[in-house]
Amino acid sequence: MKILLLTQWFDPEPTFKGLLFAQALRDKGHEVEVLTGFPNYPGGKVYDGYKINFYQKEVMDGITIHRAPLYPSHDGSAAKRILNYVSFAISTFFIGLIKTRNIDVIYSYHPPLTTSLSAFLLGFCKRAPFVVDVQDLWPDTLSATGMVNNKKVLNIVGKVCDFVYKRASKVVVLSPGFKKRIVSRGVPVEKVEVVYNWCNEPALNDFEQTEVKLPDNGNLNLLFAGNLGFAQGLPSIIQAAKILQSKNISVNIVLLGDGVAKQSAVESAEEMNLSNVYFLPRVSMQQVGSLLSEADMLLVHLNKNELFEITVPSRTQANMAIGKPIIMGVAGDASDLIVAAGAGVSCQPDNPESLADAISHICCLSDAERLQLGNAGKHYYEQHLSLKQGVSKFVSIFEEVR
């Protein structure tokens, strides 16, 4: 079977369904080609070694990559972002039409939605079915994040989403909550498949050591690794640290990474004279595993939001795969996943007292009990969420629609 992966983000850009996904499909015996743009995410500047042209063919580890031109932009300008998305959709349609041959199925990664429009048109012309992988619910997230506030524009985006979903041969989603939401929009339930995301297993398992170290003061280390943005609810984490310090719980709250909300969190911790909060700089993906593996417990936390209740934050899979107890501060599907796996405890999002209680509970367990939780999460990941499991599900979907 010949599979075309149509995605706006691909290596060397940071993406977990990039080259790793293509290689896994190839290793299953399928021919894989990629239709993507010139790398510029997340900074909006074209990577060194690349220059935007009408077309560029590249080969990565035997995978043929067709690169189409696009307007590079990832700043806060809605107009520039729209131009980025639309230019990619138009160029990939024409490049795909000219450069690809004998495609059996097209895989489309969403966001952005425009990628799926290109996949629909290309599939129509090539007489090939397309499968859309929905990683972001538009227009819901556009409205929730404030990227788009115009109701007419949001209504148009919603109608385009419905158009794409109803014409795709299959719609793949990352959680049961996503499936319910899309089915409620009129998409037949049998058309929607849940395939949980996996983590970057090679980077996580074959990690590099880093000079950045966890605190070594005799306390347990709770690690929160990744983007430190407004959605992550850092104020609640800092407040929980204050509660834990007042109760003399021997635990360090370690926040690893960067983001727009980091400086405010640093200032809050200083104003509260917290000695149990540590901020570590961002490290490369190849080095994150060394710190995750050394932590005693791991934290996943987001603000209280209806949309977050139907998603599973990407750090969840990495935390489970590394085999450490998890404190899940996200309600809904993510919490259900941790409970089903027996991988840790859940707490209420945006609730410092609930978070502090959950951390205290894990701290009071023995080393053997924490190890048992970590192993349960790792086993569940390998059986249900791993790259191997996910790719097998995708192959079954592709074979069903071809």
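The values are calculated or read from the model by the stated rules, or taken from the named source; none is laboratory data. As the structure is a prediction and not an experimental result, all values here were calculated from the model. Cβ: placed from backbone, ideal geometry, glycine included. Neighbour counts: every protein chain shown.
Within region 265-277, not a single residue is within 22 Å of I326 (Cα to Cα), surrounded by fewer than 19 Cβ atoms within 10 Å (Cβ to Cβ) and out of contact with any Phe, Trp or Tyr (no Cβ under 9 Å at 6 or more places or on another chain). The requirement of being surrounded by 19 or more Cβ atoms within 10 Å (Cβ to Cβ) and either of a type outside the set (S, T, Y) or not assigned by TED's automatic domain parsing to the domain that holds V86 (or both) is not satisfied by L154. Scanning region 305-321 for residues that are modelled with pLDDT under 95, in contact with a helix residue (DSSP H, G or I) (Cβ under 9 Å, 6 or more places away or on another chain) and not polar (S, T, N, Q) gives E306, L307, F308, E309, I310, V312, P313, A318.
Considered as a group, the residues in region 167-184 that are in a loop (DSSP other than H, G, I, E, B) and touching a Phe, Trp or Tyr at 6+ places or on another chain (Cβ under 7 Å) include one that is surrounded by the fewest Cβ atoms within 10 Å (Cβ to Cβ), and that residue is S169.
The single residue among V164, V160 that is under 15 Å from S118 (Cβ atoms), modelled with pLDDT under 90 and either touching a Ser or Thr at 6+ places or on another chain (Cβ under 9 Å) or of a type in the set (D, E) (or both) turns out to be V160. When S366 is tested against the conditions (1) more than 28 Å from M285 (Cβ to Cβ); (2) at pLDDT below 95; (3) not basic (K, R), the lone failure is (2). Considering region 81-93, and only residues there that are in contact (Cβ under 8 Å) with a residue 24 or more places away in the chain and surrounded by fewer than 18 Cβ atoms within 10 Å (Cβ to Cβ), the residue that is farthest from F130 (Cα to Cα) turns out to be V86.
Considering each of V391, V401, V339, V345 in turn, give the residue that is closer than 19 Å to C199 by Cα and not hydroxyl-bearing (S, T, Y). Outline the logic, then answer.
Details: V401 fails: closer than 19 Å to C199 by Cα; V339 fails: closer than 19 Å to C199 by Cα; V345 fails: closer than 19 Å to C199 by Cα.
Residue meeting the stated conditions: V391.
Identify, from the list I243, I253, the residue that is in contact with an Asp or Glu (Cβ under 7 Å, 6 or more places away or on another chain), closer than 19 Å to M297 by Cβ, modelled with pLDDT of 95 or more and in the same structural domain as L302 (by TED's automatic domain parsing). Criteria check complete, one pass: I243. What do you reckon, is Q23 part of a helix (DSSP H, G or I) and among the polar types (S, T, N, Q)? So Q23 fits the description; yes. Report the residue count in region 37-71 for those that are touching a residue at least 40 places away in the same chain (Cβ under 8 Å), in contact with a Phe, Trp or Tyr (Cβ under 6 Å, 6 or more places away or on another chain) and outside any loop (DSSP other than H, G, I, E, B). Summing the residues that are touching a residue at least 40 places away in the same chain (Cβ under 8 Å), in contact with a Phe, Trp or Tyr (Cβ under 6 Å, 6 or more places away or on another chain) and outside any loop (DSSP other than H, G, I, E, B) in region 37-71 gives 1. In region 72-102, how many residues are within 17 Å of F10 (Cβ to Cβ), part of a loop (DSSP other than H, G, I, E, B) and more than 22 Å from the chain's Cα centre (by Cα)? The number of residues fulfilling the criteria is 1. Checked against (1) over 21 Å from R181 (Cβ atoms); (2) free of Cβ contacts under 8 Å to residues at least 60 places away in the same chain; (3) in a strand (DSSP E or B), I106 passes all but condition (2). In region 207-252, which residues are among the polar types (S, T, N, Q), over 30 Å from L307 (Cα atoms) and in a loop (DSSP other than H, G, I, E, B)? Answer for region 207-252, where residues must be among the polar types (S, T, N, Q), over 30 Å from L307 (Cα atoms) and in a loop (DSSP other than H, G, I, E, B): Q209, T210, N217, N219, N248, S250.
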